[in-house]
Amino acid sequence: MGFSFQTQKKCCKTHARVGVLYTPHGPVETPRFMPVGTLATVKGLTPAQLETTGAQMILANAYHLHLQPGEILIKKAGGLHQFMGWNGPILTDSGGFQVFSLSELCKTREIGVTFRSPRDGRIIELTPERSIHIQNTLGADVIMAFDECPPGQADYSTVAAATERTYRWLERCINAHQRPQDQALFGIVQGGSYPELRKAAVKSLVDFDLPGYAIGGVSVGEDLTLVREIVQITAPLLPANKPRYLMGVGTYREIAVAIASGIDLFDCVIPTRFGRHGTALVRGERWNLKNSRFREDFSPLDVDCPCYTCQTFTRAYLNHLVRTKEMLGYTLLSLHNVTELVRFTQRIREAILSDKFAEEFCYWLD
């Protein structure tokens, strides 16, 4: 099976839509939340557990996997899917965001980025060509172009320069891509908080007629109101016949607003990060399971949730696990949280299909 995207229904009151992204490792029904598995693992969850959440596509990160264990070893293991035991679709991030946000030493030039590895201190040069080569070697279904992600509060000239460089680097990524038949290369729209730069970036990128497009640089320190405006301006400008991916977004409101703007795919570390800190996502709220009010609460976390956690254990037991810092507690909360966000996008999908999205999710769209 190759790559294609099919829109099945559009919302009559918003830009929301329902579709299917077909990949070599199976279909992805959109809109859909994608769990993050940075180091070839969604933290705390086995692939079998992950499958029960309803997740169809997950993420891994080329930057981190290049540092450890290395793309060559993963190739020897049979590729990323076999290495991590996940048979569904995988998307790999290019590492652009990580290079600019995590590295102690980072020097950007036209050729690429030189940085000091946070793992062992060695100096690494990452270019658009090398990023694509790493991702080609890993073997994910969707790979991302190498981009320059400026800080959220960067001035206009800095963001403009980064946006223009991202375009030039995309050209090089396309030329370096060696597996276009079984790996879809997505371009990334940068432009910071400046609408004119976002619009210009979209206009430039769509000329490449890529398999899909992402909106980047919206979770790097901007005010949430500004993020919302950026997405509402940018998403409808992207090609209607291609999947649209909003990078690094994973709260209820952000997801709902983005879907209303025409976004199809999302990713975020929130569900597993919250799980590791004893926090549960329940019907739009965040619950701290360390709280004493759960100590003698013998009801399920969410009676309507089909996940193993909710079907098997009580809030009191989860409170006990979290208070005693037992690893099982973090796993059970992560399992529930991933299920919750996947189900949230599934419920939105069903609402769009039944022409009830704007009415049923109006709380999140205000």
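The values are calculated or read from the model by the stated rules, or taken from the named source; none is laboratory data. None of these values were measured; they are calculated from a predicted model. Note that each Cβ is placed from the backbone with ideal geometry, even for glycine, and that neighbours are counted across all protein chains shown.
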Does region 342-353 include one or more residues that are farther than 23 Å from residue 250 by Cβ, without any contact (Cβ under 8 Å) to a residue 12 or more places away in the chain and either among the acidic types (Asp, Glu) or touching a Ser or Thr at 6+ places or on another chain (Cβ under 8 Å) (or both)? no
It is to be established whether one or more residues within region 260-269 are free of Cβ contacts under 8 Å to residues at least 60 places away in the same chain and assigned by TED's automatic domain parsing to the domain that holds residue 16. no
Of these, 240, 200, which one is surrounded by fewer than 21 Cβ atoms within 10 Å (Cβ to Cβ), of a type in the set (Gly, Ala, Ser), over 28 Å from residue 6 (Cβ atoms) and assigned by TED's automatic domain parsing to the domain that holds residue 130? 200
Among the residues in region 282-297, are any surrounded by fewer than 20 Cβ atoms within 10 Å (Cβ to Cβ), of a type in the set (Phe, Trp, Tyr) and either free of Cβ contacts under 8 Å to residues at least 24 places away in the same chain or assigned by TED's automatic domain parsing to the domain that holds residue 52 (or both)? no
Before we move on, is residue 73 surrounded by fewer than 18 Cβ atoms within 10 Å (Cβ to Cβ), over 19 Å from residue 184 (Cα atoms) and touching a strand residue (DSSP E or B) at 6+ places or on another chain (Cβ under 8 Å)? no
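Residues are listed down the side, and each one gets a yes or a no for (1) outside any helix (DSSP H, G or I); (2) buried (at least 23 other Cβ atoms within 10 Å of the Cβ); (3) of a type in the set (A, V, I, L, M):
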site	(1), (2), (3)
255	no, yes, yes
271	no, yes, no
299	yes, no, no
317	no, no, no
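Rundown of residues vs (1) over 21 Å from residue 7 (Cα atoms); (2) buried (at least 24 other Cβ atoms within 10 Å of the Cβ); (3) in the same structural domain as residue 263 (by TED's automatic domain parsing), yes/no style:
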site	(1), (2), (3)
313	yes, no, no
333	yes, yes, no
342	no, no, no
353	no, no, no
363	yes, no, no
